[in-house]
Amino acid sequence: MRLHRCKELRDILSDEFVDLVVAVKQAEHDEYQDVISPWERQHLLLNV
């Protein structure tokens with residue numbers, strides 16, 4: 001994510017806010033990666 005490297009947004013929003021947003025989005029992404037969707041189950045796992 002490029003947000004954590006954006007100096008302009010860090011100057012406007014603060015380092016703490018940007019770090020928090022990045023951490024939340026990373027946690028959401030990690031959780032998403034742990035779930036196998038119904039589509040993946042049907043089209044990928046059952047056709048191996």
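No value in this document is a laboratory result; all are computed from the given coordinates. From a predicted model like this one, the values you see are computed outputs, not experimental measurements.
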Using every Cα-Cα pair within the range 3-45, state what percent have a distance larger than 13 Å.
-> 62 percent
Could you go through the range 13-19 in sequence order and give the Karplus-derived ³J(HN,Hα) for each residue, using 6.51 cos²θ - 1.76 cosθ + 1.60 with θ = phi - 60°, rounded to whole Hz, and x for Gly and Pro?
-> 8, 4, 4, 4, 5, 4, 4
